[in-house]
Amino acid sequence: MITDDRSHTIAPGILLRPVTTDDAEALARAYRANRAHLRPWEPRRDEAFFTAEGQAERLRDLAQLRRAGRAMPWVLVAGDGGEVVGVMNLSNIVQGAFRSTNLGYWIAAGHTGKGLASAAVSAVCQDAGERLGLHRIEAGTVVSNSASQRVLAKCGFELIGTARNYLHIDGQWRDHLLFHRILNDRDLSAPA
């Protein structure tokens, strides 16, 4: 179970913190405001996804996955009003001999190019290695998403290769570049 609610200040006035079900309305607003910005990088969504009710349902599912130790979702919020300006997600968390996860993220259109993605990805990687005890993180980008590829490279991710028709994004199966980062090489056989 993942219970620690550690938050990180990643830039002046920007907090990276675990998402809660109370974020449904703010997330719905953020997804509506960034719909065109995110379209080339995300699956097509039904209209319910962009509502507070749709986000509340999604957040309940994420909370259940988090309690089971299978996901760790965060939001980036700006100012005291809690405006969501980005999302970071660790999904498919696997322990045991693999100790690996998948990273997904986005930054709101008005906040790109300010180093927020790099700072947040670095914080998530630190948290994944130290608190969650993971060994590795994998991330994929649509081949044409050079901005995200630069973020991953800056954060120490290495290119694994190209996965053909990897995810159904913006209405089509899209090739992705896959990256990974080794977080640590802890000896799992040694006593804690």
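The values are calculated or read from the model by the stated rules, or taken from the named source; none is laboratory data. Quick caveat, the model's predicted, so the values are computed rather than measured. Note that we place each Cβ from the backbone using ideal geometry, even for glycine, and neighbour counts take in every protein chain shown. Just so you know, the surface numbers come from the protein's heavy atoms only, side chains and all, with ligands and any DNA or RNA stripped out. Shrake-Rupley method; radii C 1.70, N 1.55, O 1.52, S 1.80 Å.
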_Consider segment 148-192. How many of its residues are of a type in the set (A, V, I, L, M) and either touching a Ser or Thr at 6+ places or on another chain (Cβ under 9 Å) or farther than 16 Å from LEU134 by Cα (or both)?_
10
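Conditions tested, residue by residue: (1) closer than 27 Å to VAL77 by Cβ; (2) assigned to a strand (DSSP E or B); (3) within 14 Å of the chain's Cα centre (by Cα).
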| residue | (1), (2), (3) |
| --- | --- |
| GLY104 | yes, yes, yes |
| ALA123 | yes, no, yes |
| GLN126 | yes, no, yes |
| VAL151 | yes, no, yes |
| ARG164 | no, yes, no |
| ARG174 | no, yes, no |
| SER189 | no, no, no |
_I'd like to check something: does segment 20-29 contain any residue that is in contact (Cβ under 8 Å) with a residue 24 or more places away in the chain, more than 20 Å from LYS114 (Cβ to Cβ) and β-branched (Val, Ile, Thr)?_
yes
*Is it fair to say ALA78 is aliphatic (A, V, I, L, M), over 18 Å from THR21 (Cβ atoms), open to solvent by 50 Å² or more (accessible area, probe 1.4 Å) and in contact (Cβ under 8 Å) with a residue 12 or more places away in the chain?*
no
*asked:* If I ask for residues that are of a type in the set (A, V, I, L, M, F, W, C), open to solvent by less than 30 Å² (accessible area, probe 1.4 Å) and outside any strand (DSSP E or B), which ones from segment 10-46 would you list?
replied: VAL19, ALA24, ALA26, LEU27, ALA28, ALA30, LEU38
*Can you tell me which residue in segment 46-59 is farthest from HIS135 (Cα to Cα), limited to those that are without any contact (Cβ under 8 Å) to a residue 40 or more places away in the chain and under 17 Å from the mean Cα position of the chain (by Cα)?*
GLN55
